[in-house]
Amino acid sequence: MLDEELVASVPLRRRQSDTDWLHLLPLAVLLLLLAGLVLVDLFGASASSQASTDKAPLPDNIQRQEPLDDTAYLSIRFNPNQGYRQRLGILIPGKTRGEEKALTYMDRDEKTGALSNPGRTSNLVVRYDGKDYLFGRRGQGQPSIKHVRAHAARKAQALEDGYMPISITSPGEKHPAYQSIFIYSEEREKDPEGDPLGIRVTQEVSLRRSDVSRKYEVVLLRFIIENTGSKPHKIGLRYMLDTFIGTNDGVPFLVPGQDKLIQDKAEFRGDDIPQFIQALEKPDLNSPGVVAHLILRLPDERYEHPERVVLAAWPDSKLGGRCKGPDTGWEPDFVSMNDPRLGRGDSAVFLYWAEKEVLPGQKREMGFAYGLGQLAASTAVGGKTQLALTVSGALRRRSVFTVTAYVANAERGQQIVLHLPEGFQVLHGASPRPVPVSPNRYVPVSWRVQAPDKLGEFEIVVQMGALKQSQKIRLAERSFLD
């Protein structure tokens, strides 16, 4: 009986399924309508987007963007010797250590050609309430506990000597930065980390992209002064940069606004301090060797630029007086970089940030950048006249930057003209203007230029008779040194 009931029930269910699809008909119609609406939206949005693109195409100079090169074209090295471990040297890497080139003075092994002892002859001096301290020197300030923890295996020595800078990684950067923190204090109280309250000086060194080449070939040095204590203090900084351009220790300097090269000594203060200083390893504009580029006015306005800059001889102890070599204090006796007592040319740059009162809780930020510059050059057909062009400054919309032409072997009475793209304006420097004549030396001619409120790639051109030279720049939303 049970089997008959089961058999009889099967045909009954099949007959019911024949009519079940009628109940699904409204749902199917609804799904078809929804699918149609989705297709209309997709094709409508595509057409709208295409119409929008057709009406307002992006400028060609914004569309053409090449991928950025992440190669490090400079290397930062710190001195490993006691008393000098916060001092850095900058060099251009080579295929072998013997092929490296220096941007700051270093010793070179006569047999292998390898560079060593980086940064020993450059130093940072902290002026604390009228007293001078060599940053990172044993017994002159105390390294932060952060420093000590980074070198936990050698705590006792770290407290005395500071040890190597701490490597940190900044967001968005491809290469690490290096940080050193020293504290100058007469207070007994400490912060939660265990550091004495007082003046906290941070030196941060990082490899950055150049705004002109967009390559990693500029070293940014930042100095941060913080008063974590309960009393005001008067603080100033002085940085001595011992320049060494490729294989040349005494090259003359190009200063925008000057109609001759600086090969003796010079001093600039306040508004007279240029945006940058440049030096060429060799006097041939078509084959200049290493082009060194020192940026004195950083594009980020939070950084104080130096209030005094001196170009002079490196203070070799053989000069006597306040010249004490690597241990030179706040202000040496400034002499010509070609003083005969040196035996050969030897130049350095001294950067001063004014002594200012820093109240409890206040902070000062200072900085500069040093690295490689770009030089585009050409020579007149059948002649000796050479023309080169370089650009420096923050290349972003509405920024102010400097255009400098180098001229070698110009003929008397020749005029030079600057040609700018539409929207760019000359703020300082006539165009056309006569070219200064200087036998056996190239001379600089500079203009200060205001960029328009635009983005993209543009071409700057200088012309002297039939001789022309151009350089392309790209205006971005922000500078790589911001």
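Output the residue which, of all residues in the range 283-304 that are in contact with a strand residue (DSSP E or B) (Cβ under 9 Å, 6 or more places away or on another chain) and acidic (Asp, Glu), is surrounded by the most Cβ atoms within 10 Å (Cβ to Cβ).
304
Take the conditions (1) in contact (Cβ under 8 Å) with a residue 40 or more places away in the chain; (2) under 26 Å from residue 216 (Cα atoms); residue 472 misses just one of them, which is (1). Among the residues examined, residue 244 does not qualify as modelled with pLDDT of 95 or more and aromatic (Phe, Trp, Tyr). Taking the criterion of being assigned to a loop (DSSP other than H, G, I, E, B) and of a type outside the set (A, V, I, L, M, F, W, C), the residues of the range 290-304 that qualify are 297, 299, 300, 301, 302, 303.
Among the residues examined, residue 278 qualifies as at pLDDT 90 or above and either on the phi > 0 side of the Ramachandran plot or in the same structural domain as residue 87 (by TED's automatic domain parsing) (or both).
Would you call residue 382 at pLDDT below 85 and not in a strand (DSSP E or B)?
When the stated conditions are applied, residue 382 passes them.
Scanning the range 269-276 finds no residues that are surrounded by fewer than 17 Cβ atoms within 10 Å (Cβ to Cβ) and of a type in the set (Val, Ile, Thr). Selection within the range 334-375: residues that are in a loop (DSSP other than H, G, I, E, B) and among the small types (Gly, Ala, Ser). The member of this set that is nearest to residue 315 (Cα to Cα) is 336.
I'd like to check something: does the range 123-133 contain any residue that is more than 30 Å from residue 187 (Cβ to Cβ), in a strand (DSSP E or B) and without any contact (Cβ under 8 Å) to a residue 12 or more places away in the chain? So far as the range 123-133 goes, no, none of its residues is more than 30 Å from residue 187 (Cβ to Cβ), in a strand (DSSP E or B) and without any contact (Cβ under 8 Å) to a residue 12 or more places away in the chain. Being at pLDDT below 85 and of a type in the set (A, V, I, L, M) is the filter; apply it to the range 416-446 and report the residue that is nearest to residue 375 (Cα to Cα). Checked the range 416-446; the qualifying residue nearest to residue 375 (Cα to Cα) is 443. Residue 403 - would you say it is within 25 Å of residue 300 (Cβ to Cβ), β-branched (Val, Ile, Thr) and within 19 Å of the chain's Cα centre (by Cα)? Judged against the criteria, residue 403 is a match.
Scanning the range 221-245 for residues that are more than 24 Å from residue 328 (Cβ to Cβ) and within 22 Å of the chain's Cα centre (by Cα) returns no hits.
Taking the condition of being in a loop (DSSP other than H, G, I, E, B) and surrounded by 22 or more Cβ atoms within 10 Å (Cβ to Cβ), how many residues in the range 226-243 meet it? Even if it seems obvious, please write down each step before you answer.
Pass one, the range 226-243, residues in a loop (DSSP other than H, G, I, E, B): 228-232, 242.
Narrowing further to those that are surrounded by 22 or more Cβ atoms within 10 Å (Cβ to Cβ): 229, 242.
Of the residues in the range 226-243, 2 are in a loop (DSSP other than H, G, I, E, B) and surrounded by 22 or more Cβ atoms within 10 Å (Cβ to Cβ).
Within the range 134-151, the set of residues being in a strand (DSSP E or B) and either within 28 Å of the chain's Cα centre (by Cα) or among the aliphatic types (A, V, I, L, M) (or both) comprises 134, 143.
On the stretch given as the range 338-391, residues that are basic (Lys, Arg) and more than 25 Å from residue 299 (Cα to Cα) total 3.
The values are calculated or read from the model by the stated rules, or taken from the named source; none is laboratory data. Source: prediction; values computed, not measured. Heads up, the Cβs are rebuilt from the backbone with ideal geometry, glycines too, and the neighbour counts pull from every protein chain shown.
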